[in-house]
Amino acid sequence: MSAMVVKEDVSSHDYMKKEYLEALQLSRLQKTVRRSYENVELFRKRMDERGLKPEDIRSLADIRKLPFTMKTDLRDTYPYGLFASPLSEVVRLHASSGTTGKPIVVGYNQHDIEMWADVVRRAMACTGMDASEVVQVAYGYGLFTGGLGAHYGAEALGATVIPISGGNTDRQLMLMRDFGTTTICCTPSYFNFMIEQGEKLGIDLKKLPLKRGIFGAEPWTLEMRKRIEENAGIKAFDIYGLSEIIGPGVAIECPEQNGLHVFEDLFYPEIIDPDTGEALPDGEFGELVLTTLDKEAMPMIRYRTRDLTRIIAEPCACGRTLRRIDRIGSRSDDMFIIRGVNVFPSQIEAALLSVEGTTPNYQIILYTERGMDNVEVDVEITEEMFSDDVAGLEKLQRKLAHAVESLVGIRIAVKLVAAHTIARSEGKARRVIDRRER
Ligand code: DLL
């Protein structure tokens, strides 16, 4: 009898022993550094300034010697300056708009596209999905990575994909019902809109075959998850990613729903102090820095994401050895300072949704008053609440102000607004309206 051939199951990377994982990470890191040094001028210049050569990276800890890459580097080298492959080998571009000026552009060669499809496949499998799923991809298709990223991953899994993209919510709901969607992929804020619209159309999501959501691309709190899971009768999984690194699929929750497993064989995570750039130990909160380990057309070395989280190194009950990151509550650039206190939008969301009678629709308005920054929070309340008497509304308002104060530490004006008055989003929600005078 000939020796049995064991076909490598790539998902086994989820369960690798630490020493194998680290050996793989190191050899991939060395390859990535060499490729960048040879092909990306900005990176070579920064290495040369430090007197560093690719062969100086001898251990994983040596990653700390490498220079950071920032979003401004992508802007400054717009559009193709950080590519390590000639355009003739690049098969796909994506772009992320950002808040100001030119977009940032990212490129993939065929290998990268396949690697991405496979990591999203692993991410979906991590939530318990398999080929029997009917997957409605309601992230936007186009320059945004969400739609095509989820699409290729779900196809690689063998699932049945409905490539509907974002928008046209009534049609989303009709197809969800008629096609028997079991998994929906979109932003959590868009899914809230679907729940709401479903109520209007008399489609109760709880009664449909829908059982899971793969939600990401924007911060959302545990309170938001609770509302979604209760209102739609599904399990809501948090998926994380960013265009600069690949798109969706950098990290995802498993059924334990207690932190997001990072696909560490492909993306090396570090946490740094955002002010000093010093590396922080596992468990401490700081800025997530990511290095791609198997991306060819546009490798990213020590990319500063601005996303704030911590690494959870304790083993997970699901058995995966991949370390986890905590939910990304905030970005360092989302924070605002009111009366000397640092405030994150996610704290406000958590406070608002901890009180019954509110809906997940709210807006944080920053403005200038007597030369100082101030903030007002508008929150929609349910129709039943709105028809309540004045005393009932005042009571709710006091409750909300109190909930916000106890989480944020300062008193913030909370205004109750009627249902359906705050704009809904079909993609990333715009929660903060900045009207401050500059
Ligand atoms: O949002 C990629 C993506 C698509 C991720 C679909 C998940 C699902 P960008 O448009 O480049 O890429 O935005 C990346 O969005 O740096 C975070 O600030 C934020 N973000 C993404 N996922 C999450 C999440 C896509 N699960 C930026 N929780 C990131 C919190 C998230 N923030």
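The values are calculated or read from the model by the stated rules, or taken from the named source; none is laboratory data. Source: prediction; values computed, not measured. In this analysis, Cβ positions are derived from the backbone assuming ideal geometry, glycine residues included, and neighbour counts consider all displayed protein chains. Accessible surface is based on the protein model in full, side chains and every heavy atom, while ligands, DNA and RNA are left aside. Shrake-Rupley method; radii C 1.70, N 1.55, O 1.52, S 1.80 Å.
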Next item on the list: Mind listing whichever residues of the stretch 178-217 are within 12 Å of the ligand (Cβ to nearest atom) and open to solvent by 30 Å² or more (accessible area, probe 1.4 Å)?
Entry: 217
Margin query: I'm trying to understand the selection: among the residues of the stretch 120-150, which are of a type outside the set (A, V, I, L, M), more than 11 Å from the ligand (Cβ to nearest atom) and open to solvent by 30 Å² or more (accessible area, probe 1.4 Å)?
Written below: 121, 128, 130, 132, 141, 142
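Considering only the stretch 51-81, state which residues are open to solvent by less than 40 Å² (accessible area, probe 1.4 Å) and within 19 Å of residue 288 (Cβ to Cβ). Full working, then the answer.
Start the filter on the stretch 51-81 by keeping residues that are open to solvent by less than 40 Å² (accessible area, probe 1.4 Å), which leaves 52, 54, 56-57, 60, 62-63, 66-67, 69, 73-74, 77, 81.
Matches in the stretch 51-81: 60, 63, 66, 67, 69, 73, 74.
Which of the following residues is assigned by TED's automatic domain parsing to the domain that holds residue 124, more than 16 Å from the ligand (Cβ to nearest atom) and β-branched (Val, Ile, Thr): 276, 321, 309? Explain how you work it out, then say what you get.
Details: 276 fails: assigned by TED's automatic domain parsing to the domain that holds residue 124; 309 fails: more than 16 Å from the ligand (Cβ to nearest atom).
Among 276, 321, 309, only 321 is assigned by TED's automatic domain parsing to the domain that holds residue 124, more than 16 Å from the ligand (Cβ to nearest atom) and β-branched (Val, Ile, Thr).
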Item checked: Positions within the stretch 389-435 being open to solvent by 70 Å² or more (accessible area, probe 1.4 Å), assigned to a loop (DSSP other than H, G, I, E, B) and either without any contact (Cβ under 8 Å) to a residue 24 or more places away in the chain or basic (Lys, Arg) (or both), in sequence order -> 389, 411, 423, 428, 430
Item checked: Cross-chain or 6+ apart pairs with Cβ under 6 Å, the stretch 244-259 first and open to solvent by less than 10 Å² (accessible area, probe 1.4 Å) and of a type in the set (A, V, I, L, M), then assigned to a loop (DSSP other than H, G, I, E, B) and modelled with pLDDT of 95 or more -> 245/300
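Every residue, every condition in (1) among the β-branched types (Val, Ile, Thr); (2) more than 18 Å from the chain's Cα centre (by Cα), yes or no:
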site	(1), (2)
69	yes, yes
72	yes, yes
75	no, yes
88	no, yes
91	yes, yes
115	no, yes
122	no, no
131	no, yes
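Select from the stretch 32-73 the residues that are among the polar types (S, T, N, Q) and either closer than 20 Å to residue 243 by Cα or without any contact (Cβ under 8 Å) to a residue 24 or more places away in the chain (or both) and list them in ascending order. Steps first, answer last, please.
First pass over the stretch 32-73, keeping only residues among the polar types (S, T, N, Q): 32, 36, 39, 59, 69, 72.
If the condition is that a residue be among the polar types (S, T, N, Q) and either closer than 20 Å to residue 243 by Cα or without any contact (Cβ under 8 Å) to a residue 24 or more places away in the chain (or both), then 32, 36, 69, 72 are the ones that fit.
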Note to self: Exactly one of these conditions fails for residue 206: (1) out of contact with any Leu (no Cβ under 9 Å at 6 or more places or on another chain); (2) in a loop (DSSP other than H, G, I, E, B). Give me its number.
What the structure shows: (2)
Margin query: What's the total number of residues in the stretch 25-45 that are open to solvent by less than 70 Å² (accessible area, probe 1.4 Å) and either within 18 Å of residue 251 (Cβ to Cβ) or out of contact with any helix residue (DSSP H, G or I) (no Cβ under 8 Å at 6 or more places or on another chain) (or both)?
Written below: 6
Check: Name the pairs whose Cβ atoms lie under 8 Å apart, with the first residue in the stretch 111-133 and without any contact (Cβ under 8 Å) to a residue 60 or more places away in the chain, the second of a type in the set (Phe, Trp, Tyr), and 6 or more positions between them or separate chains?
Finding: 113/152; 117/152
Next item on the list: Considering each residue of the stretch 218-236, count those that are surrounded by 20 or more Cβ atoms within 10 Å (Cβ to Cβ) and more than 20 Å from residue 419 (Cα to Cα), and give that number.
Entry: 6
Checklist line | In the stretch 253-273, the residues that are acidic (Asp, Glu) and within 13 Å of the ligand (Cβ to nearest atom) | finding: 253
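Consider the stretch 278-311. How many of its residues are closer than 13 Å to residue 328 by Cβ and among the aliphatic types (A, V, I, L, M)?
Step one: of the stretch 278-311, the residues closer than 13 Å to residue 328 by Cβ are 285-288, 290, 305-311.
Then keep just the ones that are among the aliphatic types (A, V, I, L, M); that gives 288, 290, 308, 311.
Adding up the residues that qualify gives 4.
Considering only the stretch 333-376, state which residues are assigned to a helix (DSSP H, G or I), among the polar types (S, T, N, Q) and farther than 20 Å from residue 423 by Cα. Give the derivation first.
At the first step, the residues of the stretch 333-376 found to be assigned to a helix (DSSP H, G or I) are 333-334, 345-353.
Then drop every residue that is not among the polar types (S, T, N, Q), which leaves 346-347.
Hit for the stretch 333-376 is 347, nothing else.
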Next item on the list: Restrict the check to the stretch 160-167 and report whether at least one residue is part of a loop (DSSP other than H, G, I, E, B), within 14 Å of the ligand (Cβ to nearest atom) and not hydroxyl-bearing (Ser, Thr, Tyr).
Entry: yes
Item checked: Unmet requirement for residue 250, which otherwise passes all of (1) in contact with a Gly (Cβ under 6 Å, 6 or more places away or on another chain); (2) within 16 Å of the ligand (Cβ to nearest atom); (3) in the same structural domain as residue 413 (by TED's automatic domain parsing) -> (3)
Notebook entry, point to check: Failed condition for residue 48, given (1) modelled with pLDDT of 95 or more; (2) surrounded by 15 or more Cβ atoms within 10 Å (Cβ to Cβ), with all others met?
Noted result: (2)
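This table checks each residue for (1) modelled with pLDDT under 95; (2) surrounded by fewer than 17 Cβ atoms within 10 Å (Cβ to Cβ).
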residue	(1), (2)
310	no, no
315	no, yes
320	no, no
323	no, no
334	yes, no
355	no, no
367	no, yes
370	yes, yes
384	yes, yes
